[in-house]
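Chemist: This is the structure, below, for whatever I ask next.
FYI, it's all coordinate maths here, none of it is from the lab. Predicted model only: the values in this text are computed from it and were never measured. With ideal geometry, Cβ positions are generated from the backbone for all residues, glycine too; neighbour counts draw on all protein chains shown.
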Amino acid sequence: MSASNAITEKREKEHHPVAAQPALSAMIAEFPTAGSVLAAATRVSEAGWSDWDVHSPFPVHGIDSLLRIRSTKLPWFTLTAGLVGIVVAFVMQWWMNAVDYPFWISGKPFFALEAAAPIAFEMMILFAAIATIGGMILLNRLPRFSNPLFASERFLRATSDRFFIVISANDPKFDHDRVMQLFQECSATAIETCLAIDAREGRWPSLVTPIIVVAGVLALVPPALIAQKRSNPTDLPRFHVITDMDFQPKFKPQRTSRLFADGRVMRPQSAGTIARGEIQLDSRLHQGMEYGSREVAAIDRLNVLPISAQGGPSVTSNEGVQKNPMPAVPPPDPLDALPWVKEFPISVTLKTMKRGQERYNIYCSSCHGLAGDGDGLVTRRALDLEQGTWIKPTSFHAENVRNQPVGQLFHSVTNGVRKMPGYGDLIPVEDRWAILLYLRALQQSRRADLQDVPTELIPSLQDLPKE
Amino acid sequence: MSALINDLMNNTHEVPGKRASLVLGGLNNSSITDRVCEIAEAPTPPRAWYIAFAVSSSLTLMLFGLVGYLIFTGVGVWGNNAPVFWAWDIVNFVFWVGIGHAGTLISAILFLFRQNWRTSINRFAEAMTIFAVICAGLFPTVHVGRIWVIYWLLPLPNQNAIWPNFRSPLLWDVFAVTTYATVSMLFWYMGMIPDFATFRDRAKTRNRQMIFGTLALGWTGSARQWHRYEKAYLLMAALATPLVISVHTVVSFDFAVSQVPGWHTTIFPPYFVAGAVFSGFAMVVTLMVPAREFFGLRELVTLRHLENMTKIILLTGTMVGYAYAMEFFTAWYSGNRYEQFAFMNRAFGPYAWAYWTMVTCNVISPQFFWFKKFRTTPWLMVIVCIFVNIGMWFERFVITVTSLSRDFLPSSWGYYQPTFVDIGMLIGSFGLFFTLFLLFCRYMPIVAISEVKSILPENQNPH
C-alpha cells in the first residue's frame, strides 16, 4: 500500500516541479468501498480535523455526524416559499377578479376562497419546488465550474466507483506530512495533492463571454422597444402583427355593392315581415281608430275618392263619423273624417292617471306647459329669443282641441302634428294613452263645476283664494 | 443453459426472510456506471434505434405540418361540431396528462413509501412524464384557435386591461398543468445532476465536457452536497405527491364542475387519478420492455420491477372498473332521469361500440395479471399494456364525446366523427412522444446511476 502511495507522490512531483509549484489546495485520499471510507472518516473525525469532506458516488449514510454537518436550513426555504405562494395566489386572484376588473360570472361572488383554493394550492407547490431546488443549489454553492479537485484524474472516479476524503489546506492543523501519515494509517489506496487553481485556468472558454454579452444585449432590445413605444403616444392605428378580426371581408353600412341588383349593402326588410312582438292587430289601441287604415283605404277605393298620404276620404264618405261635426272652419281637415275612437282603449284607473301625469311632465310639459296652455319653458324661451320658425303649441284648452276625439289626439301624439314630431317611437303605446287620459283631466279642470268635486273635498275648496 | 440463465435472471420468487435482489448479474458500482454511461457514450446506437427514430420523427413532422395547417386554417379542420365542442383534442389532452402521472408516482410516491425498486425505473418514468405533458399541452394550446393570443390565459397585463377568470376550472387547469410541467422538469433535472457529473467525469471530448460540465453545475458528490441534496429530494417528493394528485383532480374538474349529465359527478377526481396511474404504468411497461432489451438493461430493470408494475396496473385497473360500475349505481340512485339517460346512452347509445371497447380493454384485460405467467413474461405484459392504453384513450373519448353529443337540447344532438386532421394529430403526438423519448434514451442517463448504487447490498449499512 505504501509503495503505491510513494509512486503517486513521485508522479505528482514529476508533474509539478517544486520550483513552479503554486500553493497547496487540498490533499485527497482514495478508498475503494463505502465501508472503508466510513472507517477512515471515523479516524479523521476523531483526529479533530475540521475543514475536510468526503466525496462519494452516492450518499453514504453515517458520514454526516462524523463531518458534524448541521441539519440544512433548506426546509425553511420550502416552507417560506410555499406560504408566499399561497398569499400571492390569493391576493392576485382577489385583486384581479374582485378589485381591478370585477366581472360578474353566473352570479358567483367576485372572490371566494373555494374557487381560489386550487390555484393557491398549485402556486404553493410551484413556489416551494422552485425554492427547494434553487435553495439546494445555492446552499451547495453551485454552480461552481472550476474546482481544484477536478485537476486530479483520479478524483474523477468520485462520481463513479471510488470514495475520497479531502482535507483542505485551509484547515488550521494542515501540514502535508501529517495528512500523509493520517491517510496512510487509514489505508487509503491512493493519496494525491491538489494545487490551488491558477486564476487563468478557472476562466470560461473564450467564446462564452462574448456569447453571454451578445445575448444579454439582445435580451434588452424587446423591453427597450416596449418602453420606447409606451413613452411615445401616437394617433396612428394600433400596429397589428396578426390582423385577427379587425379587418375582415364584409360590407359596412351605407356602402354600395354590386352583389345586389339595387346596389345597396343595407338590405330592406322583406315585404310583409313583422318583427317579433311588433304585430299591431288592435287598431283601437295602436291607431286610435275604430277600424284600421287598411279598411279605410278599402272603403275609399270603393268610393273612388282621392286619398292623400295623410288624409282620408271626404267627410261624406263615412256616415258613421259624422256625429261630431266640426264648427265651420273651412277647409275641413281630412283627418277629422276618420273613424277615431272616442273612448279610451285602456282601463281608466287612478294608477293610469298618475302614470300619465308623470309621462306628461317628462315628455310634453317642456313645450306644452305643465297645465297644457302651450307655455312650456322651451316655448317661452323660443318666444323670448324671437325665433321666427317657432310655432307656439296650441293650448289644450282651445275649443277645437277639446272637441277632438281622443283617437285623433292619439294620432297627433304618435305621428306628430304641424311642427311637432311624432312620439310613437319614444313612448310606449300604453303610456301615450295614459298621457291622453291626464290631458283630458287637465282639460276638464278648466270646465269643472262644484258637482264634479267629491263631496268630502268641498269643504277644503272654501279655503282656496277666490280669483 | 438458457434455463439456468433464465433462472438467474428471475428474481420474482419470494424467499421468506430475505429481500429479493434488485440488481442482477453481479453488477457493482463500476459496472453499473459503465452499463448506463455506455449507452450514451456509444458512437452509434443500436440499429433498432435508427428505425424507430426514422418512423417517429416522420410522424412528428406530420404533426407539425397538421398543427400549421390548423393554425392557418382554423379549428374547423377538426371534426368538432355544434354539440361536441370538445372532442379528440381534449381526449388526447387528458390521455397524455394521465400517461405522465405514473412517472411522478414512481419518483415521488414510491420514494415516500421507501420502495427501493423505483430506483431503476424512476428516471425513465420521469422522462416519460415530461414528454407526455409536452404532448398533452399541445392539444389545448391549438384548441384555443387564435394561438397568438394564448397569453390571455395567463394573468399578464394586456392591452385589453382584462384579467383571466379565476373562477373557471379551465384556468385552474392552466395553472395545474403548467405547475406540473415545471415541477416535473425541475425534479427530473435535480435527479440527474449527480449523473450528469458522472457523464462529465467520463467525458472524452471537449463538447461532452462542456455540455455535461454545465449541466452538472460543478457537482463533486461531497457529503455536504449529498446532505442538502437528499433533503431537497425528500422535500420535492413530498411536494410532488400532492401535486400529481391535484393535477388530474383539476383536469377532472374541467368536466365535473360543469352541469352536463355524465360529467357532473363527484366520483371524477379519484376515478381520474386512478385511471391516470393505470394508463401511465401501462405506458411505462410498454416502453420499458423494449428499452431494456435494446440497451442491455435487463440486470438493472429486472423481471421483479416489471412484475411490481403489473401489480399496480392490476390494482388501478380494478379501481377503474369499480368506478365504471359505481357511475351506473350513482346514476340509478340519484333518481335523476337525465343522469340515468346519459349512462344508458353511453352503454347502449350510438357510442356503445366505444364504451364496450373501453370496458373490455380497461376492466377485463388487466385481470390477466392475476396469472404469474402474464406478470413475468415481458411480451405478454406489453400486449396487455397496449390494450390498457387503447382502453384508457377510449375512456376519455367516451366521457367527453358521449355526454356532449346528447346534451340538454335534443334538437342539437349530433354525432361526432373525426377528420383526417384529428387522426393525424393523435398519431403524430405519439410520434413526438417517441421522438423525444428516443433522444432521451440516446443522450441522457436513462437510469438513475447514483440511486441504483445506493440500494446495492454492499453499499447499504456499510458499518
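Chemist: Quick check: the angle from helix B:88-104's long axis to the longest principal axis of chain B, C-alpha only, nearest 10 degrees?
Modeler: 30 degrees
Chemist: Would you mind getting the Kirkwood hydrodynamic radius of chain B from its Cα pairs, rounded to one decimal in Å? Show your work: numbers first, answer last.
Modeler: Details: mean 1/r = 0.0425 Å⁻¹.
23.6 Å is the Kirkwood radius here.
Chemist: Further question on the same structure: Mind checking the mean number of beta-carbon atoms from other chains within 10 Å of the Cβ atoms in A:437-450?
Modeler: Details: counts 0, 0, 0, 0, 0, 0, 0, 0, 0, 0, 0, 0, 0, 0.
Counting other chains' Cβ atoms within 10 Å and averaging over A:437-450 gives 0.
Chemist: Here's another thing I want to ask about it. Under the definition of partner shielding as Cβ atoms of other protein chains within 10 Å of a residue Cβ, what is the mean value for peptide B:232-238?
Modeler: On the way: counts 14, 4, 3, 13, 6, 0, 4.
For peptide B:232-238, the averaged partner shielding equals 6.
Chemist: What are the lysines whose alpha-carbon lies under 23 Å from the alpha-carbon of A:LYS419, with same-chain residues fewer than 8 places away excluded?
Modeler: A:LYS392
Chemist: May I pose another question? If each DSSP helix of 4+ residues adds -39,500 (n - 2.57) and the sum is divided by the residues in the protein assembly as shown, what number results at 222 nm, nearest 500 deg cm²/dmol?
Modeler: Values: 32 runs with 488 residues, N = 930.
Counting only the DSSP helices, I get -17000 deg cm²/dmol.
Chemist: Quick one: longest stretch of chain B between exposed loop trypsin sites (Lys or Arg not before Pro), exposed meaning at most 15 other C-beta atoms within 10 Å and loop per DSSP?
Modeler: On the way: sites that count: B:LYS18, B:ARG19, B:ARG114, B:ARG146, B:LYS204, B:ARG298.
After excluding every exposed loop site, the longest remaining stretch is B:299-463.
Chemist: Measure nothing but the geometry: give the 0 to 90° angle between the long axis through the Cα atoms of B:29-41 and the longest principal axis through the Cα atoms of chain B, rounded to 10°.
Modeler: 50 degrees
Chemist: Taking 7 Å along the Cα-to-C-beta vector as the label spot, tell me the A:ARG264-A:LYS108 distance in nanometres, rounded to one decimal.
Modeler: 4.7 nm
Chemist: Report, as a whole number in µm² per second, the diffusion coefficient that Stokes-Einstein gives for region B:388-463 at 37 °C and 0.692 mPa s using the Kirkwood radius over alpha carbon pairs.
Modeler: Details: Rh = 17.3 Å.
Taking Rh from Cα pairs, D becomes 190 µm²/s.
Chemist: Let me ask something additional. Can you give me the angle between helix B:378-397 and the longest principal axis of chain B, using Cα atoms only, in degrees from 0 to 90, rounded to the nearest 10?
Modeler: In chain B, helix B:378-397 runs at an angle near 30 degrees to the longest axis.
Chemist: Can you work out the FRET efficiency for the pair A:GLU343 and B:SER57, with r the C-beta to C-beta distance and R0 = 60 Å, to the nearest 0.05?
Modeler: On the way: r = 88 Å, r/R0 = 1.47.
Calculated transfer efficiency: 0.10.
Chemist: Let me ask you something else. Are there any trypsin sites (Lys or Arg not before Pro) in region A:361-458 that are in a DSSP loop and have at most 11 other Cβ atoms within 10 Å? List them by number. Could the numbers behind the result be given before it?
Modeler: Numbers: sites: A:ARG380, A:ARG381, A:ARG402, A:ARG418, A:LYS419, A:ARG432, A:ARG440, A:ARG446, A:ARG447; in loops: A:ARG418, A:LYS419.
For trypsin sites (Lys or Arg not before Pro) across region A:361-458 that sit outside H, G, I, E and B with at most 11 neighbouring Cβ atoms in 10 Å, the list reads A:ARG418, A:LYS419.
Chemist: Once you have a ≥ b ≥ c as the square roots of the Cα gyration tensor eigenvalues for the protein assembly as shown, tell me rounded if a/c is under 1.5, and otherwise prolate or oblate according to whether a/b is larger than b/c. Intermediate values should be presented prior to the final figure.
Modeler: On the way: a/c = 3.35, a/b = 2.51, b/c = 1.33.
Verdict is prolate for the protein assembly as shown.
Chemist: Per residue of B:157-166, what is the mean number of Cβ atoms on other protein chains within 10 angstrom of that residue's Cβ?
Modeler: Working: counts 1, 0, 1, 1, 2, 4, 10, 4, 8, 16.
That average works out to 5.
Chemist: Right, here's the next one. Which GluC sites (Glu not before Pro) in region A:163-262 pass both tests, a DSSP loop state and at most 12 other beta-carbon atoms within 10 Å? Could the numbers behind the result be given before it?
Modeler: Details: sites: A:GLU185, A:GLU192, A:GLU201; in loops: A:GLU201.
Filter output for region A:163-262: A:GLU201.
Chemist: On alpha-carbon atoms, Rg over Rh for region A:74-139 using Kirkwood Rh? Don't skip to the answer; put the middle values down first.
Modeler: On the way: Rg = 14.6 Å, Rh = 12.7 Å.
Computed over Cα atoms, the ratio is 1.14.
Chemist: Long-range amide H contacts for A:MET289: which residues qualify at under 5 Å (H placed 1.01 Å from N, peptide plane, sequence gap of 5 or more or a different chain)?
Modeler: Amide H neighbours of A:MET289, under 5 Å, 5+ apart: A:ARG284, A:VAL341.
Chemist: Report the calculated FRET efficiency for A:VAL213 and B:GLU41 (r = Cβ-Cβ distance, R0 = 35 Å), to the nearest 0.05. Don't jump to the answer; show the numbers that get you there.
Modeler: On the way: r = 33 Å, r/R0 = 0.96.
For R0 = 35 Å, the calculated efficiency reads 0.55.
Chemist: Calculate the FRET efficiency for A:ARG418 and A:TRP95 from the Cβ-Cβ distance with a Förster distance of 51 Å, rounded to the nearest 0.05. Before the final figure, lay out the partial values.
Modeler: Values: r = 60 Å, r/R0 = 1.18.
Efficiency, rounded to the nearest 0.05: 0.25.
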